[in-house]
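In what follows, a single structure is set out as structure tokens and then discussed.
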Amino acid sequence: MANTILNVDGLHVGYRVYGGTLKVLDGIRLVMDAGEKIAVVGETGCGKTTTMKSIMGILPRQAVIRKGQINFKGRNLLTPGTEARGMRTIRPKGVSMVFQDPIAALNPVFTVGQQLSDVIKYSRGQTKQLSKQSVRDAAIEVLKLSALPDPERILTNYPFQLSGGMRQRVCIAMALSTAGDLLIADEPTTNLDVTIQDQVLRLIRNLVEEQGMSLALVTHSLGVARQMTDRIYIMYAGTMVEVAPTEGLFDKPFHPYTKGLLGSVPKLTGEGIGLGIPGRIPDYLKPPAGCRFYPRCEEALPECKDNKPELYDVGGGHRVACFLYR
Amino acid sequence: MRKTWSSMLLRRLLQSILVLIGVSILIFGISRMVPGDPARMALGPRTPEWAVENLRKQLNLDKPLPVQYGLWLLKMLRGDLGESLVTRRLVNDDLRDFLPATAELIVVAAIIEIIGGILLGVFAARYSQTWFDGFTRVLAYLGVATPSFVWAIIFLLIFSFAWPILPATGRLSAGIITPPRITGMIVLDGILSGNFAAAWDCLLHLILPAISLAMYGVAQSARITRASMIENMERDSVYAHAAAGVPRRVIMTKYVLKPSLIPTVSVMALDIVAMAGNAFLVEMIFNYPGLSRYGMTAMLNKDLNAIVAVILILGLCFVVVNIIVDFIVALLDPRVAHYGGV
């Protein structure tokens, strides 16, 4: 498993807004091996989606990549650009993405067939011209793989004619059709109801395993992360605060934020709502100079205020960005 | 359940007939309730009272209003809109002369608005926050803020006076033979009868008034197109297609443009219908023999039959354009068609 396919190192991404730059990503590090399934967990607004969009090369125009490296299969995806606009990204081949909201991720005024065939045509057809029939066959094949009944009919449907779960399956089919080494699933089940969530997650896991892909799953839910992945990255305010093999993280969380996150999960056993973490994520216009969790941290040390902790190894592939574990 | 196009069309046509009947009652009533005696105005202050009385009788003005309307409606259904008190001709003949001229003007202005508005909007969105975007923004503010008759005068000064490359007034230059009447639209008649010189000359005459008339609409639809393009460019579906390697050109001209046209089309339709009314001053300035000028003259002279006819024609245009727009929107947006929104 030592074959690294994705290596994000020291990624700094900001958003230009009125009044300055939102310094969202602050030195993100993320390493994935071939065939590995990872989860990126964190609260809303901590930069999970920004990280994934950086890898995909689909950041919105206001975004600026200031520093960092993204290597996919040994190829650097970032090239130096102008100082104001930041670095440019090269869109990687072999990475596909499932978005959070299947309503927004499909164009409402085109049929599933039109959208899927364009995706297939342009992702595969650059080297050879594909016939209409072979595009259609490929589309039906990925729809079948995504466990959609009656794919011929679905091709002629508009997104609004499908249920939420079916739409997300169509999105998964679209991601599959670009046939990659890495599937990024950005909160694929957040907008679905619970029974459908489970089906969609199983589908994603089975497909990833069958196709031998790697999976980067972005989620709020530690439960989903535990069920689906081998390794978990805990993200807080644009930094990676803890990386651990899935079971190791649940056995012994180190970072104060991770502990708080685990304490926040409501239990089905009815023990009441957990304590949660007081406070909120920092203002990205003026983030804390040191550890970004410092203002909310109950175990903060004096040096946390001005110094950024690195990821310290605490054994068993478990690493924590906290001065408590130096 | 999905309704068929023809049943939608039928429903809309029935609705339109009701609308037109409503419009006719309204304008018939209003035009007769406004103070001022049409018969007296037509004949002048020095005419003896018995002559005015005769004309009143002749126009049925001595009968109660509902009876007048009924009589007018019966004639109208036979295709007779009565006589104009100003031109002393049948309103049908006047319309036959003036309507095609204005129709031609508005068609050219509408083409300018559709092409100009969409192109400017798309490029302003594609190159947003660049000099081109700034340029279209200024152009749009100027276009919206400046009335069409001001544009008319400015264009006349520049292109007919300071740098005379386009004709200033009328429909045809002196010495050009008018093509035989087929539709009454000279450009079309010229092409149909092979008289291309006349068609070209008429088109040159149309350029300045049409651009003056279209400026407002171009500005407005460019802004709306730009705004909805930018909104649609930020959708996840666009990122999803981009991530899958669909080229930017295809995304912009297909996946972003189509949903962006939905609001634009509705606004454009209203603009284009409004042109018929706004054309009045432009037709005056360019001395263009059109329906707007005819209608306005009729109103100033309380020429009842002409007023009602012109307003009805405008109402008809409005209704027809709206039906067309609803069908275009249904073509662009499958949700509208599906839920029978048309």
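Helices (runs of 4 or more DSSP H) fully within the stretch B:187-301 that include at least 2 residues being more than 14 Å from chain A (Cβ to nearest Cβ) and touching an Asp or Glu at 6+ places or on another chain (Cβ under 8 Å): B:196-233, B:257-285, B:291-300. Every condition in (1) more than 21 Å from A:Gln211 (Cβ to Cβ); (2) at the interface with another protein chain (Cβ under 9 Å from one of its Cβ atoms); (3) crowded, with 18+ Cβ neighbours inside 10 Å is met by A:Gly113 except one, and the failing one is (2). If I filter the stretch A:118-138 down to residues being more than 25 Å from the chain's Cα centre (by Cα) and part of a helix (DSSP H, G or I), which single residue comes out as nearest to the other protein chains (Cβ to nearest Cβ)? Among residues in the stretch A:118-138 that are more than 25 Å from the chain's Cα centre (by Cα) and part of a helix (DSSP H, G or I), the one nearest to the other protein chains (Cβ to nearest Cβ) is A:Lys121.
Of all residues in the stretch B:170-186, none satisfies being in contact with a Leu (Cβ under 6 Å, 6 or more places away or on another chain), in contact (Cβ under 8 Å) with a residue 60 or more places away in the chain, within 23 Å of B:Glu113 (Cα to Cα) and not charged (D, E, K, R). Somewhere in the stretch A:169-180, is a residue under 19 Å from B:His338 (Cβ atoms) and aliphatic (A, V, I, L, M)? Checked the stretch A:169-180: at least one residue is under 19 Å from B:His338 (Cβ atoms) and aliphatic (A, V, I, L, M). If I filter the stretch B:50-71 for residues that are basic (Lys, Arg), within 15 Å of B:Lys302 (Cα to Cα) and out of contact with any Cys (no Cβ under 8 Å at 6 or more places or on another chain), do I get at least one hit? There is at least one residue in the stretch B:50-71 that is basic (Lys, Arg), within 15 Å of B:Lys302 (Cα to Cα) and out of contact with any Cys (no Cβ under 8 Å at 6 or more places or on another chain). For the stretch B:291-305, a tally of residues being over 23 Å from B:Ala269 (Cα atoms), surrounded by 21 or more Cβ atoms within 10 Å (Cβ to Cβ) and of a type in the set (A, V, I, L, M, F, W, C) returns 2.
The single residue among B:Arg126, B:Arg181 that is buried (at least 19 other Cβ atoms within 10 Å of the Cβ), of a type outside the set (A, V, I, L, M, F, W, C) and over 21 Å from B:Leu208 (Cα atoms) turns out to be B:Arg126.
Residues that are open to solvent by less than 30 Å² (accessible area, probe 1.4 Å) and either without any contact (Cβ under 8 Å) to a residue 60 or more places away in the chain or in contact with a Leu (Cβ under 9 Å, 6 or more places away or on another chain) (or both) within the stretch B:306-328 comprise B:Ala306, B:Val308, B:Ala309, B:Val310, B:Leu312, B:Gly315, B:Val319, B:Ile323, B:Val325, listed in sequence order. Residue count for the stretch A:63-75 satisfying the condition of being surrounded by 13 or more Cβ atoms within 10 Å (Cβ to Cβ) and free of Cβ contacts under 8 Å to residues at least 60 places away in the same chain: 5. Cβ-Cβ below 6 Å, separation at least six or inter-chain, first residue in the stretch A:88-108 and more than 9 Å from chain B (Cβ to nearest Cβ) and touching a residue at least 24 places away in the same chain (Cβ under 8 Å), second part of a loop (DSSP other than H, G, I, E, B) and open to solvent by 50 Å² or more (accessible area, probe 1.4 Å): which pairs? Every condition considered, the pairs that remain are A:Gly94/A:Asp181.
Once the stretch B:329-340 is narrowed to residues that are open to solvent by 50 Å² or more (accessible area, probe 1.4 Å) and part of a helix (DSSP H, G or I), the residue that is nearest to the other protein chains (Cβ to nearest Cβ) is B:Arg335. Quick check, is A:Ala39 surrounded by fewer than 20 Cβ atoms within 10 Å (Cβ to Cβ), away from every other protein chain (no Cβ under 12 Å), small (Gly, Ala, Ser) and in contact (Cβ under 8 Å) with a residue 12 or more places away in the chain? Criteria not met by A:Ala39. Quick check, is A:Leu285 touching a strand residue (DSSP E or B) at 6+ places or on another chain (Cβ under 8 Å) and more than 25 Å from A:Val224 (Cα to Cα)? Considered against the rule, which asks whether it is touching a strand residue (DSSP E or B) at 6+ places or on another chain (Cβ under 8 Å) and more than 25 Å from A:Val224 (Cα to Cα), A:Leu285 comes out as yes.
The values are calculated or read from the model by the stated rules, or taken from the named source; none is laboratory data. Computed from a prediction, not measured in an experiment: that's the story for all the values here. Positions of Cβ are generated from backbone atoms using ideal geometry, with glycine treated the same way; all protein chains shown enter the neighbour counts. Ligands, DNA and RNA are excluded from the accessible area calculation, which covers all protein heavy atoms including side chains. Shrake-Rupley method; radii C 1.70, N 1.55, O 1.52, S 1.80 Å.
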